[in-house]
Structure formats: structure tokens, C-alpha cells
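S.K.: My questions will all concern the structure given below.
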Amino acid sequence: MKKFFKRLLIFLVIVLILADFGGAYYLFNFAFSKTGFSAKNNNRPLTNSEVWAKNQQQTTWNQTSSQDGLHLKARYYPAASPTNKTMVMIHGFGDNSITLGPYIRLFHQAGYNVLAPDNRAHGRSEGKYIGFGWLDRQDVQDWMHQLIQRQGPHTQIGLFGVSMGASTVMYYLGMKVPHQVKVAIADCGYASINGELTYELKTMFNLPSVPLIPTANLYAKTLAHYSLYDGDTAKTLKHNRVPLFIIHGANDHFVPTKNGRLNYQNDAGPKKLWLVKGAKHAQSYQKQPHQYQQKVLTWTAKYIN
């Protein structure tokens with residue numbers, strides 16, 4: 001009888017381990033693969049502002065990722081009048097440079113050049129796995145170096161990101177940022193990759209984070225070459241000295257509003273926080289268009305002149 005229960009126990013342990021690895025692999029591909037959850041809006045029709053962004057005068061910039069040799073692309077929109085002021089704009093999860101249309105138009109009409117990259121595994125850029133802001137931060141640094149090389153050492157640069165793009169901005173600010181970067185705006189970014197995945201696992205599947213996320217992290221480290229525990233504004237923003245404007249919808253249930261407060265708390269540089277009443281995820285501009293435009297342009301003009 002003891003031998004039977006021992007074998008049964010071993011069998012159950014093996015089943016649980018296989019279930020954990022199988023579930024974690026599904027989670028990893030669902031969240032990280034270019035063909036996973038991020039692809040759900042690939043075939044939706046373009047909005048008016050996205051049509052504008054697609055048809056506006058622009059050139060395509062190219063670069064090879066210094067991390068892993070991926071071919072990455074970006075859209076560059078020159079200002080109507082020559083200027084040394086450029087906004088580098090980073091899109092969110094499952095989006096691309098075109099979906100930034102409303103924000104690109106906002107800054108372009110305010111007289112800025114705009115550089116809008118397609119993140120790895122998004123849009124026209126190569127890549128099988130999404131960087132969740134962590135790998136993307138080095139790609140942003142590569143774009144910065146190209147921008148400075150093209151426009152010269154006296155260029156003035158602002159950073160703007162939405163959702164995952166906002167987290168990318170905040171992770172990037174923990175690096176050795178060129179002095180030409182004068183200001184940053186982060187709209188509805190998550191504080192940590194682990195925290196966001198834990199929240200979505202509970203919300204979408206009603207599952208606990210342990211053991212799925214630690215196991216999924218093994219796939220992330222092996223296949224995507226980074227850890228789910230790397231990206232965290234508690235680690236990156238404590239080094240930041242670039243003025244940072246944090247915006248978050250007060251009714252955000254995809255990246256909960258507490259992330260905005262946490263990011264503000266974690267930041268060590270000059271900072272400002274705006275929680276937009278009634279705004280859901282990435283809807284602050286849509287909810288308060290006039291205030292949004294006034295606040296972000298005032299913030300950037302304070303540091304870029």
C-alpha cells in the first residue's frame with residue numbers, strides 16, 4: 001500500500017509539474033509572442049488621426065539593434081519649419097508607430113520634429129518576442145544616438161510614451177541618458193513587468209502568479225533573453241534626473257491607476273503627476289483633449305526652447 005501511494009504521489013507531482021510548464025508556456029506565448037494577444041487589433045480599420053499619420057510627409061529611418069541584430073524601423077516627421085526640437089514617441093503593447101497618430105499630430109503641429117519607432121515585434125520592425133519596455137529601452141538608446149548623429153550635438157529631445165511605451169520611457173530613464181534629452185512624458189505606464197503580468201493573470205484568467213510567472217520567466221530568459229523581474233521603475237527612476245510628467249487615467253482598469261502613483265513615488269527627478277478623472281486606459285487625451293494638449297505642451301516647453 002505504501003508503495004502504491006508513493007507511486008501515486010510521484011505521478012501527481014509529475015502531472016503538476018507538466019501542467020505548470022505547459023500553462024507557463026501558454027502564458028509566455030500569449031503575452032510575449034508577436035502572434036499572441038498583441039495581434040488582436042492588427043486588422044482593425046485606421047482612425048482619422050492614424051490615416052493622417054500614415055499619409056503625412058515622412059521618411060523611414062532604419063537601425064540594427066545593438067542587442068541582437070534585429071532590423072528596426074521608425075517614422076520621422078520633419079517639422080514644417082526647421083527646428084532642433086524633436087519628440088521621440090514610443091507606442092504601446094500591440095500597437096505601432098501609426099497608432100500614435102493623435103499624439104504625433106499634437107507635437108508636430110506644435111512645431112516639433114517627431115521620431116516614432118516601431119518597437120521590436122511590432123509594426124514594420126523585426127522580432128519574435130515583445131520586449132515589454134525592458135529590451136526596448138536599449139533600442140530607444142540606439143535611436144537617440146542616431147538622432148543626435150543626424151541632427152548634431154545641439155539638438156533638444158523630448159520623450160513621450162503611452163502604456164508599454166510609457167514604461168519603456170521610464171525604464172530608459174534609468175540608463176545613461178544623453179544630455180540632449182531634456183524632458184519626458186509617460187502616459188499610463190506600468191511600474192513593473194511582473195506586477196502587470198500578475199494583475200492580468202488574475203483579471204483575465206483568475207489564476208495566481210505562483211508558480212506560473214516564475215516558470216514563464218524561464219521561457220522569457222531562454223527565448224526572449226530577459227527576465228520578467230528586470231523591468232521596474234523602483235530600480236530605474238531612482239536614477240532619473242530628466243523632468244518627468246506622469247499621466248494616468250483615474251479609471252484605468254488595464255494598468256491600474258495605482259501604477260501612476262507608484263511611478264511618481266519612485267521618480268527621483270523633477271516630476272509632475274496628473275490623474276485624469278473618468279479616463280480609462282490610454283484614454284486621457286480622448287477624455288480631456290484641451291487640457292491634455294495644454295498640459296503636455298506647457299511641460300515640454302518648460303524644458304525645451
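The values are calculated or read from the model by the stated rules, or taken from the named source; none is laboratory data. Bear in mind that the values here come from a model prediction, so they are computed numbers and not experimental data. When we count neighbours, we look across all protein chains shown, and the Cβ atoms used for this are built from the backbone with ideal geometry, even at glycine. What goes into the accessible areas is simple: the full protein's heavy atoms, side chains included, and nothing from ligands, DNA or RNA. Shrake-Rupley method; radii C 1.70, N 1.55, O 1.52, S 1.80 Å.
S.K.: Check Asn29, Asn41 and return the single one that is at pLDDT below 95 and part of a loop (DSSP other than H, G, I, E, B).
M.R.: Checking each option against the conditions leaves just Asn41.
S.K.: Can you confirm whether Arg75 is among the charged types (D, E, K, R) and in a loop (DSSP other than H, G, I, E, B)?
M.R.: no
S.K.: Provide a single number: the residues in the range 182-206 that are open to solvent by less than 10 Å² (accessible area, probe 1.4 Å) and either under 16 Å from Gln141 (Cβ atoms) or part of a strand (DSSP E or B) (or both).
M.R.: 5
S.K.: Yes or no: the range 193-202 includes at least one residue that is of a type in the set (A, V, I, L, M, F, W, C) and at pLDDT 95 or above.
M.R.: Yes: one or more hits.
S.K.: Could we say that Arg124 is within 13 Å of the chain's Cα centre (by Cα), more than 21 Å from Thr300 (Cβ to Cβ) and among the basic types (Lys, Arg) here?
M.R.: no
S.K.: Also, quick follow-up: Checking Ser163 against (1) among the hydroxyl-bearing types (Ser, Thr, Tyr); (2) within 26 Å of Ala250 (Cα to Cα); (3) touching a helix residue (DSSP H, G or I) at 6+ places or on another chain (Cβ under 8 Å), which test does it fail?
M.R.: Tallying (1) among the hydroxyl-bearing types (Ser, Thr, Tyr); (2) within 26 Å of Ala250 (Cα to Cα); (3) touching a helix residue (DSSP H, G or I) at 6+ places or on another chain (Cβ under 8 Å), Ser163 fails exactly one: (3).
S.K.: Quick one: is Asn240 under 28 Å from Ala279 (Cα atoms) and out of contact with any Lys or Arg (no Cβ under 9 Å at 6 or more places or on another chain)?
M.R.: no
S.K.: Filter the range 107-133 down to the residues that are among the hydrophobic types (A, V, I, L, M, F, W, C) and open to solvent by 10 Å² or more (accessible area, probe 1.4 Å) and list them by number.
M.R.: Once the filter is applied, which keeps residues that are among the hydrophobic types (A, V, I, L, M, F, W, C) and open to solvent by 10 Å² or more (accessible area, probe 1.4 Å), the range 107-133 yields Ala110, Phe132.
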